[in-house]
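Below: the structure, in C-alpha cells.
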Amino acid sequence: PQIVVSVYGPDFFGNDVVRGYGAVHVPFTPGRHTRTIPMFVPESTSTLQKFTSWFTGRRPEFTDPRVIAQGEGREVTRVRSQGFVTISFNIV
C-alpha cells in the first residue's frame, strides 16, 4: 500500500494551485516510522504554455492520483522538484 500526497496552496492571485505531489510506501513492521517524501510539480512544456498558465493562474496538474502512485508513463511527463514532506507512521 502507498500514501499519495497532494499539496495545494494559494498563488499570487488567490487561486488554489498545486504545490507538489509525492508518494511513499506504508511500512509493514510495527513501530514508529518516519518517511521523507520528495515532492514534485508538473511543468508546462513550452514557453507559450508557461505564459498562459501564469497569466490565467492555472498551472498544470494531474487529474488522476494513480499517475503519481504508479510511475508508469511518468517518464514522459516534465516535472520539477518542489521540496519535501515528512510523515510519521505509528504501525500496530
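The values are calculated or read from the model by the stated rules, or taken from the named source; none is laboratory data. Nothing here was measured: the structure is a model prediction, and the numbers come from that model. Because the Cβ atoms are built from the backbone with ideal geometry, glycine has one as well, and the counts that use them run over all protein chains shown. In case anyone asks, the SASA skips ligands and DNA or RNA and just uses the protein heavy atoms, side chains included. Shrake-Rupley method; radii C 1.70, N 1.55, O 1.52, S 1.80 Å.
Quick notes
- Scanning the range 1-25 for residues that are open to solvent by less than 40 Å² (accessible area, probe 1.4 Å) and more than 16 Å from Q70 (Cβ to Cβ) gives G9, D11, V17, V18, G20.
- Long-range neighbours under 6 Å by Cβ, at least six apart or interchain, first residue at pLDDT below 80 within the range 58-85, second in a helix (DSSP H, G or I) and open to solvent by less than 50 Å² (accessible area, probe 1.4 Å): R59/S53
- Applying the set (1) over 27 Å from V76 (Cβ atoms); (2) assigned to a loop (DSSP other than H, G, I, E, B) to R58 leaves exactly one unmet item: (1).
- Verdict on P42 being over 19 Å from I87 (Cα atoms) and in contact with a Pro (Cβ under 6 Å, 6 or more places away or on another chain): yes
- Leading residue by the ranking (surrounded by the most Cβ atoms within 10 Å (Cβ to Cβ)) among those in the range 37-56 that are more than 13 Å from the chain's Cα centre (by Cα) and in contact (Cβ under 8 Å) with a residue 12 or more places away in the chain: S44
- Inside the range 71-92, residues that are within 13 Å of the chain's Cα centre (by Cα) and open to solvent by 40 Å² or more (accessible area, probe 1.4 Å) make up a count of 9.
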